[in-house]
Amino acid sequence: MDDRMIDRVCLYLAGELSAEEKRAFESELATNARLKALLGQMERLDATLADLPELKPSSAFTYRVLEKTVREPVGLLDGWTWLDWMKGLAPALAIGLIAVLWGKDLWAKTQGAFGEGAGAMDSVLGVKLFADQPFMLLGLLLPAAILAVAYFSLTNRCCMER
Amino acid sequence: MSTPAAEERDQDHALISRIKAGDERAFAELVNQYKGMVLNLVARMSGKVESAEDLAQEVFVRVWKGIDSFRGDCRLSTWVYRIALNLAIAESKSARSRSQFLDIDDPTVERGPHFVNEGDDNPYREEVVLKEQMFRLLPSMPEKHRTAVVLFYLKQLSYNEISDIMGVPVGTVKSYLFRGKAWLREQMFGDEIEDLE
């Protein structure tokens, strides 16, 4: 199929032939079966192209774009100032201090109540479970301290993002 | 009294200024305004329907990153569509180079949308098959022809708008469009009318 013929059909369909060219084209259509068939194919092509189904963006599209741009997530500790660090560390230090200061006193109280039991357990397991009492208490309080750091860090971060 | 083109330019300018000033809502407005067109543009240009949404999101990430370099010497839509086209063309090129190493029976290889199933008694089946065939053919069309065809039929953009986006004269746009349609006709109907007199 030659390009000139296709161009004429395209121009005719786009309404871009002059009045004289249009008349000549239409009179040729009556006698040229190939041109007529070509016109039919191109009309069908036009209609199909114009009617191709369109995709619809998901409802979360804009939100996801904003997440990647204006609210681009940063690393948890990226951009922290000394003040941010202090806000996170202060509660942890406070809990640690309480553990150390109260540890001894608490141990003295638990000795009385569980002293014998502790001794029995020690002999069963062959280890001195409660021998290093301040570390035992720190062992219980350390996870609490870590949780406190995480909690205050995250809440501090969220506030900053807002 | 201002023309619609001048009004659009003013609106673009106001939106861009707000975005540059860090107004999150202004950027959301831009995304909402162009997401439909961008999504369909990248889907048709790359032929990757399933990953089109990710690609379209990447377009807006690039818009965001490049917003300071937008000088306003073209319409905002023209600039956004250019970014979308560049990304979609790069994606289709890399997909094509990857496909040289892909197994044809690999079920993970994306083959375009399926609008119709075997044995479907849809009365418009032939029309639907034609659309499916066209969707699959588009990504293989020569790049410039494909760009003109996709832009012209997606939102009925004018020759002038397409000329701005592609950076070529209007006459060249028409030539790309006609050659693209001729290529599609050849692929879809072959030589079934060659014997006619």
- Query: Going through region A:12-45 one residue at a time, which ones are part of a helix (DSSP H, G or I), more than 8 Å from chain B (Cβ to nearest Cβ) and within 19 Å of B:Gly180 (Cα to Cα)?
  - Reply: A:Tyr12, A:Leu13, A:Leu35, A:Leu39, A:Gly40, A:Glu43
- Message: I'm told A:Lys56 meets every condition in (1) assigned to a helix (DSSP H, G or I); (2) within 9 Å of chain B (Cβ to nearest Cβ) except one. Can you identify the failing condition by its number?
- Response: (1)
- Item | B:Gly180, sole failed condition from (1) at the interface with chain A (Cβ under 9 Å from one of its Cβ atoms); (2) small (Gly, Ala, Ser); (3) in contact with a His (Cβ under 6 Å, 6 or more places away or on another chain) | (1)
- Message: Just the residues that are at the interface with chain A (Cβ under 8 Å from one of its Cβ atoms), in contact (Cβ under 8 Å) with a residue 24 or more places away in the chain and under 24 Å from B:Leu138 (Cα atoms), please, taken from region B:57-71.
- Response: B:Phe60
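For every residue, the table says whether it meets (1) more than 20 Å from B:Asp164 (Cβ to Cβ); (2) under 13 Å from the mean Cα position of the chain (by Cα); (3) of a type in the set (S, T, N, Q).
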site: B:Ala21; (1), (2), (3): yes, no, no
site: B:Glu24; (1), (2), (3): yes, no, no
site: B:Arg44; (1), (2), (3): no, yes, no
site: B:Ala52; (1), (2), (3): yes, yes, no
- Item | A:Lys56, sole failed condition from (1) surrounded by 14 or more Cβ atoms within 10 Å (Cβ to Cβ); (2) under 25 Å from the mean Cα position of the chain (by Cα); (3) modelled with pLDDT of 90 or more | (1)
- Query: Can you name the number of the only condition in (1) closer than 28 Å to B:Ser175 by Cβ; (2) out of contact with any Phe, Trp or Tyr (no Cβ under 8 Å at 6 or more places or on another chain); (3) charged (D, E, K, R) that A:Glu67 fails?
  - Reply: (1)
- Message: Among the listed residues B:Ala95, B:Ala52, identify the single one that is at pLDDT 90 or above and surrounded by 12 or more Cβ atoms within 10 Å (Cβ to Cβ).
- Response: B:Ala52
- Pairs, please: C-beta under 9 Å, at least 6 apart or cross-chain, first residue within 16 Å of B:Ser94 (Cα to Cα) and modelled with pLDDT under 85 and in region B:125-143, second of a type outside the set (A, V, I, L, M, F, W, C) and surrounded by fewer than 17 Cβ atoms within 10 Å (Cβ to Cβ)? none
- Item | Breaking point among (1) more than 20 Å from A:Glu67 (Cβ to Cβ); (2) assigned to a helix (DSSP H, G or I); (3) among the acidic types (Asp, Glu); (4) within 14 Å of another protein chain (Cβ to nearest Cβ), for B:Asp54 | (1)
- Message: Within region B:24-49, take every residue that is surrounded by 17 or more Cβ atoms within 10 Å (Cβ to Cβ) and of a type outside the set (A, V, I, L, M, F, W, C) and give me the one that is nearest to B:Ala148 (Cα to Cα).
- Response: B:Arg44
- Item | Candidate set from region B:143-177 (those that are within 11 Å of another protein chain (Cβ to nearest Cβ) and of a type in the set (Lys, Arg)); member that is farthest from B:Asn86 (Cα to Cα) | B:Lys174
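The values are calculated or read from the model by the stated rules, or taken from the named source; none is laboratory data. On a predicted model such as this, the values are computed, not experimentally measured, just so you know. Counting neighbours? That spans all protein chains shown, and the Cβs are built from the backbone with ideal geometry, glycine included.
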